[in-house]
Amino acid sequence: MKKLMFVIALVSASRLIACAQDTNPTNAIQTQMSPIPLSDVAHTLSAGLMIGEPTGPTVKYFLTDMVAVDAAAGWSPYRHATAEIHADILVHDFELLHVDQGQLPVYIGAGALVRFRHNEDDQAGIRLPIGISYMFQNIPVDVFAEVGPAIIFTPDVRGEIVGGIGARYRF
């Protein structure tokens with residue numbers, strides 16, 4: 001599983017670099033084969049639920065046709081945790097995987113997380129999520145799954161794997 005996620009991250013990063021080196025960025029967007037125009041994705045807000053780390057509400061806002069910010073808050077399954085909040089900046093590759101209906105972007109990103117724990121020190125760290133999202137063509141809903149390493153800096157430095165699945169409604 002780790003090798004598969006590493007390969008997806010590598011391929012996504014190489015595709016994003018190739019798109020960034022294109023002298024006409026709108027040309028790469030216009031040659032997109034997906035049925036939903038990317039212009040419909042930029043500047044959209046979506047909200048929904050996530051199950052995993054954490055389990056609770058999640059929001060996502062596309063700043064551009066490739067870059068989004070997301071956040072989630074809720075209960076954390078981590079030991080003695082009462083709540084977790086995280087926020088990430090994500091870069092999407094809409095061209096890596098093609099489907100007949102909708103869109104299937106792969107994304108990578110970086111962000112921060114904070115866990116509030118009962119009778120123990122709270123934790124803070126960074127996340128490096130890698131995920132995939134399916135955006136339906138005829139309804140403004142997307143479903144996603146993500147996994148990624150996290151580095152906790154307080155109270156001790158250590159690594160872990162976090163992730164979750166969820167769905168959001170696009171406004």
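The values are calculated or read from the model by the stated rules, or taken from the named source; none is laboratory data. Predicted model, so just to flag it, every value in this text is computed and none were measured. Note: ideal-geometry Cβ built from the backbone for every residue, glycine included; neighbour counts use all protein chains shown. Ligands, DNA and RNA are excluded from the accessible area calculation, which covers all protein heavy atoms including side chains. Shrake-Rupley method; radii C 1.70, N 1.55, O 1.52, S 1.80 Å.
Solvent-accessible surface of protein heavy atoms, probed at 1.4 angstrom with all chains present, puts LEU128, LEU49 in the order LEU49, LEU128, largest first. For VAL141 and ILE165, the difference between the fully extended length at 0.36 nm per residue and the C-alpha to C-alpha distance is 7.3 nm. Taking all protein chains as shown and a probe of 1.4 angstrom, TYR107 keeps an accessible surface of around 0 Å². Positive-end ranking of GLY163, ALA150, PHE116 along the dipole of the range 102-171, with charges on Cβ about the Cα centre, is headed by GLY163. Subtracting the Cα-Cα distance of PHE153 and GLN101 from their residue separation scaled by 0.36 nm leaves 14.5 nm.
In a fully extended conformation the segment linking LEU49 and HIS118 would gain 22.5 nm over its present Cα-Cα distance, using 0.36 nm per residue.
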